[in-house]
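Step one of this worksheet: look at the structure below.
The values are calculated or read from the model by the stated rules, or taken from the named source; none is laboratory data. Predicted model only: the values in this text are computed from it and were never measured. Using ideal geometry, Cβ is built from the backbone for each residue, glycine included, and neighbour counts are taken over all protein chains shown.
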C-alpha cells in the first residue's frame, strides 16, 4: 500500500506544497512535467517562494553565459538557480544541462523541474519524484502516459547510492482519479517491448546494410537471418514477414540501391532439367534463387546510415535541381522533409497564412513539388518549409533569441537540429559526387559551411580562420576587411581594436603576415631596444 504522508497546505498548488515539505526535510526532489514550458513555469513558481543565496550567484552566472548572447530562457534559468532551483529539458544548451546535473548531484541545487529527459538511466539524489503530469499530448491529443514511463520517473526516487528509501508522488484531482492512477500505474504492468525492426525505416536501413556488407546474398539467407531476430519471435507469422521483406527488396531495386541477378532464367533451366530427369536436388533448387548485391550508390547510402527512402528523396531533389538556379531555401526544404529531421517545427494556426505566403514567394526555388492542399502530406510539407525558414534565419546570422521568439526553438533544440542538418548536407554532398552533379557538390559544401557557422555567404572567406566566429567575422566585414588580402593589408592596430591583440596576431600569422607586436601601453614609434630584446625573435 502507498504510504500516508502529512503535508502542510501552505499554497493552492499541490506540487508547490510537496516541494516546500521536501525542502523542510532537507531533501531533494525531481518534479516531472509533460512539456518544456510546464517544467520552466513549475521551476519559476517554486523559485519565487525561495530567497536568493549569495553562494549561488556564480553558478547562475555560468548558466547565463553558456551562450554568447543570453536568451530569455537563459535569464529565466539564472533567476531559478540563484534560489537553488532549476529546470531541465532538451531545449537547454548542453553546458547548462551539465551544470544542472552536476550541481544537483552535489546537493547545491535542491529541486529540478524536468521533462522526462531525466527519467531514463540517470542515478540522481532525489528523495522524491513528484510526477506533475500523467497526461501528454501526442498525435491523438491528450493521453495518459505509458506505464513504462511512469515506472521510469518513479524509479528516480530513493536511489540506493543516495537514500535508504524514496517517495514517488502523483497528483490526483479527485478520489476517482486517485483510484484510477493507483490501478493503472502503481499496480499496472508495463507495456510489452517491441523490436525496432517493426518500424519500416529501420528495417529498410538494416536490410540494405545486410546486402551491402554481403552478410546475405539471396532471399533464403535473408529469411534465415530475420527468423532468428527478436522481431521474428514477436511477429511469429513468417509468411507475412516474407511479404514485407519482398516489398522492401523491390523498393531497393527500384531505387537502384541493389541489383538482382539470377532467378527466372535459372528457374526455367532447372524446370526443363526436372522434367527430363524427374528429380531436382535441394541444392539445385536453392541455386535458382535471385541473388542480391548492393550497387555503388546503394553501398554509399548504407555507409551514410541514411534511410533509403530519405536517400532517394534527396537524389530526386538533386535531379530536379539540374539546370536550375539554386537557392538555399530549396535544398533546406528538401532536407527538412526527411524522416531524419523529425519532429518538424509545428505550424501554429495564427502563423499558417504567413508561412503559406512565404511558400508562394519561394515556390520557384523549391526542389520538391508542393502537394495539393487536400493531400495527406500537405501538413508535413508546410512544417518542413517552416523548418527550412528556421535554418535560413540561422545562416542569415539571426541570433538564438530571435530563433526562440520567431520559431519557438530553444538553444538546445537549435544545436540538435543543426547537427542533423550538417549530417544531411554531408550525405547530400556525397550523393551529388556519385551522381556527378558538380554544381550541386559546390553549392552543398558551401551551404554546409554556412550552416556550421551560421553566416551569410559573404563571410565564408573570413570564417575559415581559426578563432574567427560569426560575430568577429561580421565586425571585420563591416569594417571593410572582407578577405585574406584585406587582412594582410590591414594595420595591426586596427585589427587589435576589432579583434583583441591575441586574436589579431593569430589571424595575421594564419595569412602569412609577419606580426609586429607592440608592447601594451605603448604606441607605434615608442618601442625601445629593451622592447626589441623582449619580443624581437618571434
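A few notes on this one:
- Qualifying positions in region 309-321 - in contact with a helix residue (DSSP H, G or I) (Cβ under 8 Å, 6 or more places away or on another chain) and more than 22 Å from residue 203 (Cβ to Cβ): 317, 318, 321
- Residue 68 vs. criteria at pLDDT below 90, farther than 16 Å from residue 115 by Cα, within 27 Å of the chain's Cα centre (by Cα) and assigned to a loop (DSSP other than H, G, I, E, B): yes
- Residues (farther than 17 Å from residue 187 by Cβ, under 25 Å from the mean Cα position of the chain (by Cα) and either assigned by TED's automatic domain parsing to the domain that holds residue 343 or in contact (Cβ under 8 Å) with a residue 60 or more places away in the chain (or both)) located in region 131-155: 133, 135, 136, 137
- Flag for residue 118 being surrounded by 21 or more Cβ atoms within 10 Å (Cβ to Cβ), farther than 15 Å from residue 15 by Cα and at pLDDT below 90: yes
- Among all positions in region 30-46, there is no residue which is over 31 Å from the mean Cα position of the chain (by Cα), surrounded by 14 or more Cβ atoms within 10 Å (Cβ to Cβ) and either modelled with pLDDT under 95 or more than 29 Å from residue 152 (Cα to Cα) (or both).
- When 196, 214 are checked against the criterion of being at pLDDT 90 or above and under 30 Å from residue 299 (Cβ atoms), a single residue qualifies: 214.
- Only listed residue being farther than 30 Å from residue 301 by Cβ and not assigned by TED's automatic domain parsing to the domain that holds residue 125, chosen from 177, 191, 165: 191
Matching residues to (1) surrounded by 15 or more Cβ atoms within 10 Å (Cβ to Cβ); (2) at negative phi; (3) in contact with a strand residue (DSSP E or B) (Cβ under 8 Å, 6 or more places away or on another chain); (4) free of Cβ contacts under 8 Å to residues at least 12 places away in the same chain:
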site: 305; (1), (2), (3), (4): no, no, no, no
site: 315; (1), (2), (3), (4): yes, yes, no, no
site: 348; (1), (2), (3), (4): no, yes, no, yes
site: 354; (1), (2), (3), (4): no, yes, no, yes
site: 357; (1), (2), (3), (4): no, yes, no, yes
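- Among the residues of region 26-40, none is identified as free of Cβ contacts under 8 Å to residues at least 24 places away in the same chain, farther than 15 Å from residue 85 by Cα and in a loop (DSSP other than H, G, I, E, B).
- The set of residues from region 320-333 being part of a helix (DSSP H, G or I) and touching a residue at least 40 places away in the same chain (Cβ under 8 Å) comprises 320, 321, 328, 329, 331, 332, 333.
- Count of residues meeting criterion [under 16 Å from residue 87 (Cα atoms) and in a loop (DSSP other than H, G, I, E, B)] in region 126-154: 2
- Meets criteria (touching a helix residue (DSSP H, G or I) at 6+ places or on another chain (Cβ under 6 Å), part of a helix (DSSP H, G or I) and surrounded by 15 or more Cβ atoms within 10 Å (Cβ to Cβ)) for residue 386: yes
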